[in-house]
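Below is one structure; the comments refer to it alone.
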Amino acid sequence: MAYRPSRSRAPGGAAPTGPATLRRANLSLVLRELRDHTSLSRAEIAQATGLHRATVSNLMAELLERRLVREVGVEHVGAIGRPRRAVALHGAHVGALGMEINVDYIAVHGTDLSGRSLVERRLVHDAMGSDPDSAVRRLGLVAKEAVEAMRRAGAVPSGIVVAVPGLVDVTRGVVTLAPNLHWRNLPLAEQLSSILGRRRVPVRVDNDANLAALAEYTSGVAAGTPHLVYLTGEVGVGGGIISGGELLRGADGFSGEVGHLRVDPNGDRCGCGRIGCWETKVGLAALVRAAMPEQAYGLPGMPVPDPDERVAEIARGLASGDRRMMTAVAQVGEWLGLGGSILANLFNPRVIVIGGYFASLAEWLLPHAQDQLRRLVVADPAAQCRFVASTLGFGAASRGAASMVVNHIIDDPTILDSLPRPAP
Ligand SMILES: [Zn+2]
């Protein structure tokens, strides 16, 4: 199931102005159909897009010449064995690089146009112990290495999207506020571009939960569910909302800051400076503080462990019946259900996909969370909303970021014209 960008598809081909615009729009139409299916014949594409057979043949010749699609041979359809010459999305030489910077890691996911994974990495990163300059330098270094690795794999990156846990001005590529990274008004796209220098890969920035929601909608456990909420379970908690098959961004692109819903006016101070935010109850730091206080985040002299290792240690404790950990997880589960019920009352999703550490501890968290959700959601059908654990792991946002790059190319394949041509 594929993400549909907000601009709608015009049956019978798009109806924009000049011939160049028309050609671009029609190339995009065809690529979008191929992205949504494993392979299609020219006749099937013509039928699905409403374009003439001859137009499809012309467009296909251009796409084949650009190596964005490939012939997948002759298939035999039905008992009579009628042959069908099919084509599929290809673009093995076109790279899409997704990255994520978070409180304790940097993740990289590079694919080609067809979504084939080329590079996948996760590195421990101490955002709490680094200033914005050094964090951006590190991110730039990781980006450079990933660009080179993709080139060695034969793909020229045609764009980078960086997922950030915070408010992002997507148009300008500026991180307006990322409380847990201590970033404010950081022109990340511009700074990364200047670090990448002559590699000149266009850089965009987006919110991590939005990108993870996109990854869930296109390839995750709830793929194709048009009404879903995704929650990141990291030190911070963000939300991405897919409503009617569209990513809900709001007036300024700032929707989904669910971690800062105030759920307890008498609670703890949050990284954002406010009191009693939801993430002070359900974020990984809150769980670690309750489950193993001697290893709480932010204690002086504590090295930053890999979040997976931390969560694995808690999972081992839970499996062996550690009482303190059981109590901690039950509490977090209840707060998770309480916050989830606010979202279910607001957005009426079919599923709430929980990612990050929530997914790793789903077995212990979900009974408590689902119970609260049932009690607190007002409308009966809405109460049938289920929590579901993501299977994409900590890499969901970087995977969604790579999908976003692919979507940009599919929306306008002519952007590839301005990129360096790879060797055939
Ligand atoms: Zn907050």
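The values are calculated or read from the model by the stated rules, or taken from the named source; none is laboratory data. Note that the coordinates shown come from a computational prediction; the quantities given were computed from them, not determined experimentally. As a convention, Cβ positions derive from the backbone with ideal geometry for all residues, glycine included, and neighbour counts pool all protein chains shown.
Structural remarks
- Filter result for Val103 (touching a helix residue (DSSP H, G or I) at 6+ places or on another chain (Cβ under 8 Å), assigned to a loop (DSSP other than H, G, I, E, B) and of a type in the set (A, V, I, L, M, F, W, C)): yes
Conditions (1) part of a helix (DSSP H, G or I); (2) at negative phi; (3) over 31 Å from the mean Cα position of the chain (by Cα), marked per residue:
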position	(1), (2), (3)
Val30	yes, yes, no
Thr38	no, yes, no
Ala54	yes, yes, yes
Leu64	yes, yes, no
Val74	no, yes, yes
Val87	no, yes, no
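- Qualifying positions in the range 323-341 - farther than 21 Å from Val258 by Cα, in contact (Cβ under 8 Å) with a residue 12 or more places away in the chain and not hydrophobic (A, V, I, L, M, F, W, C): Arg324, Thr327
- Count of the range 370-394 residues which are at pLDDT below 90, surrounded by fewer than 24 Cβ atoms within 10 Å (Cβ to Cβ) and part of a helix (DSSP H, G or I): 5
- Check on Val161, over 12 Å from Pro132 (Cβ atoms), touching a helix residue (DSSP H, G or I) at 6+ places or on another chain (Cβ under 8 Å), surrounded by fewer than 24 Cβ atoms within 10 Å (Cβ to Cβ) and modelled with pLDDT of 95 or more: no
- Applying the criterion of at least 3 residues that are buried (at least 18 other Cβ atoms within 10 Å of the Cβ) and within 16 Å of the ligand (Cβ to nearest atom) to the helices (runs of 4 or more DSSP H) found wholly in the range 236-336 leaves 279-282, 284-291.
- Among the residues of the range 107-137, those identified as in a strand (DSSP E or B) and over 30 Å from Leu68 (Cβ atoms) are Leu123, Val124.
- For Val161, the conditions (1) more than 17 Å from the chain's Cα centre (by Cα); (2) not in a helix (DSSP H, G or I) are fulfilled apart from (1).
- With respect to being without any contact (Cβ under 8 Å) to a residue 60 or more places away in the chain, within 17 Å of Ser194 (Cβ to Cβ) and surrounded by fewer than 22 Cβ atoms within 10 Å (Cβ to Cβ), Arg152 falls outside the description.
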